[in-house]
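A.B. asks: Right, I'll just put the structure down here and ask away after.
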Amino acid sequence: MELKMHIPQHDNNNQPIVDCNNEIVPLCYFNIIKLSAGEEFSYQLEEYETCVVPATGTIDVEVQGQTFEKVGKRNHIWESDPEGAYIPVNSEARLICQSGEAEIFISGAKHNETYEAFVIRQKDIDKVQYGSDETKTHRKIKHILGKDPAGKVGKLLVSELFTVGEGGWSGFPPHKHETDMLPEESRHNEVYNFRFNPSNGFGAQFLTPDGEDFGPIYHVRDGSTFIFDKGYHPCVVAPGFEMYYFTILAGETQRPLHMNYQKEYAYQLETIPGMQDMLNKFK
């Protein structure tokens with residue numbers, strides 16, 4: 001059976017796009033929920049901590065006897081900063097749509113301890129911008145669950161990544177995180193969900209196995225989900241379009257991310273402005 005790493009946009013009917021114990025990324029979970037005003041969605045995952053992030057719209061989140069009101073302030077992802085709520089392992093979450101419509105990302109990482117739920121407001125988002133127009137690597141990252149989250153988290157990292165301007169590269173220099181070989185590299189499974197502005201844009205997702213000169217290249221479009229557990233994985237957006245991807249990282253033995261860079265391109269860690277600041281935000 002061929003394992004699908006690229007999952008094209010489709011109507012998932014609020015069913016998981018990347019379910020628990022996925023064959024490629026067993027450490028990750030991903031679902032997209034679409035609700036209209038007053039509609040509700042509830043879920044509970046026994047072995048995964050999760051983070052609820054409205055891509056658009058506003059929701060109330062009920063969990064552990066608490067209600068986090070009016071989470072999410074955006075009409076579209078390009079508009080302002082995200083908000084979210086951390087849902088602990090084996091905790092039932094109830095999401096109630098408070099806007100006309102809402103599209104909600106649910107990201108998860110396998111974990112075996114239960115902590116306290118908490119809300120992430122726009123003021124809690126940890127932002128970093130790096131790269132440059134000259135190096136074609138200009139982008140910004142909005143960490144929802146980053147280095148210093150608003151509460152205790154197990155193995156889950158959640159971010160939004162944007163290319164700054166039209167065209168350009170992301171995830172460069174090429175890096176991987178497939179083996180626990182600390183401090184040089186940690187094992188993290190990863191999930192991307194892509195969006196483009198305008199929405200008819202497209203990009204290319206590279207995936208080169210360690211030790212190989214070539215690997216597959218995937219054509220990604222608005223709504224594409226890409227999952228991977230190994231390989232070097234830069235991506236690029238076509239000229240004339242901005243690219244966004246919602247990012248889920250789930251660590252096997254630890255939360256901090258340690259990336260191993262492809263040797264022939266690692267020198268660009270010194271030539272791309274702000275790279276060290278970016279790396280520190282994941283640790």
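A.B. asks: Is it true that some residue in segment 203-210 is part of a loop (DSSP other than H, G, I, E, B), in contact with a Leu (Cβ under 9 Å, 6 or more places away or on another chain) and in contact (Cβ under 8 Å) with a residue 60 or more places away in the chain?
C.D. replies: The answer is no; no qualifying residue exists.
A.B. asks: OK, next. Tell me the residue from 219, 177 that is in contact with a Leu (Cβ under 7 Å, 6 or more places away or on another chain) and either of a type in the set (Phe, Trp, Tyr) or at pLDDT 95 or above (or both), please.
C.D. replies: Exactly one residue qualifies, and that residue is 177.
A.B. asks: Turning to a different aspect of this structure: Please list, ordered by first then second residue, the pairs with beta carbon atoms under 6 Å, 6 or more apart or interchain, first in segment 68-82 and touching a residue at least 40 places away in the same chain (Cβ under 8 Å) and under 16 Å from residue 93 (Cα atoms), second aliphatic (A, V, I, L, M) and crowded, with 19+ Cβ neighbours inside 10 Å.
C.D. replies: Correct list of pairs: 68/61; 68/85; 68/119; 71/59; 71/61; 71/85.
A.B. asks: Here is a follow-up. Just to be sure I understand, how many residues within segment 106-125 are buried (at least 16 other Cβ atoms within 10 Å of the Cβ) and either part of a strand (DSSP E or B) or among the β-branched types (Val, Ile, Thr) (or both)?
C.D. replies: Total meeting the criteria: 9.
A.B. asks: Tally time: how many residues in segment 41-100 are part of a strand (DSSP E or B), touching a Pro at 6+ places or on another chain (Cβ under 8 Å) and of a type in the set (D, E, K, R)?
C.D. replies: Final tally of qualifying residues: 2.
A.B. asks: If the Cβ limit is 7 Å and pairs must be 6+ apart or interchain, which residue in segment 215-242 that is part of a strand (DSSP E or B) pairs with which residue that is crowded, with 17+ Cβ neighbours inside 10 Å and charged (D, E, K, R)?
C.D. replies: Going by the 7 Å Cβ cut-off, the qualifying pairs are 228/190; 232/176.
A.B. asks: Within the set of pairs 6 or more residues apart or between chains, which connect a residue that is closer than 14 Å to residue 180 by Cα inside segment 254-279 to a residue that is among the polar types (S, T, N, Q) and surrounded by fewer than 16 Cβ atoms within 10 Å (Cβ to Cβ) with Cβ atoms less than 8 Å apart?
C.D. replies: 260/179
A.B. asks: Of all residues in segment 256-283, which are modelled with pLDDT of 85 or more, among the aliphatic types (A, V, I, L, M) and not in a helix (DSSP H, G or I)?
C.D. replies: Result: 257, 259.
A.B. asks: Which of the following residues is among the acidic types (Asp, Glu), under 26 Å from residue 155 (Cα atoms) and surrounded by fewer than 21 Cβ atoms within 10 Å (Cβ to Cβ): 39, 83, 46?
C.D. replies: Result of the check over 39, 83, 46: 46.
A.B. asks: Let me ask you something else. What are the residues in segment 27-62 that are in contact (Cβ under 8 Å) with a residue 60 or more places away in the chain and touching an Asp or Glu at 6+ places or on another chain (Cβ under 8 Å), if any?
C.D. replies: 27, 28, 29, 32, 33, 34, 35, 36, 37, 43, 53, 55
A.B. asks: Of these, 168, 251, which one is modelled with pLDDT under 95 and out of contact with any Cys (no Cβ under 7 Å at 6 or more places or on another chain)?
C.D. replies: The unique qualifying residue is 168.
The values are calculated or read from the model by the stated rules, or taken from the named source; none is laboratory data. Computed from a predicted model, the values in this text were never measured in an experiment. Note that each Cβ is placed from the backbone with ideal geometry, even for glycine, and that neighbours are counted across all protein chains shown.
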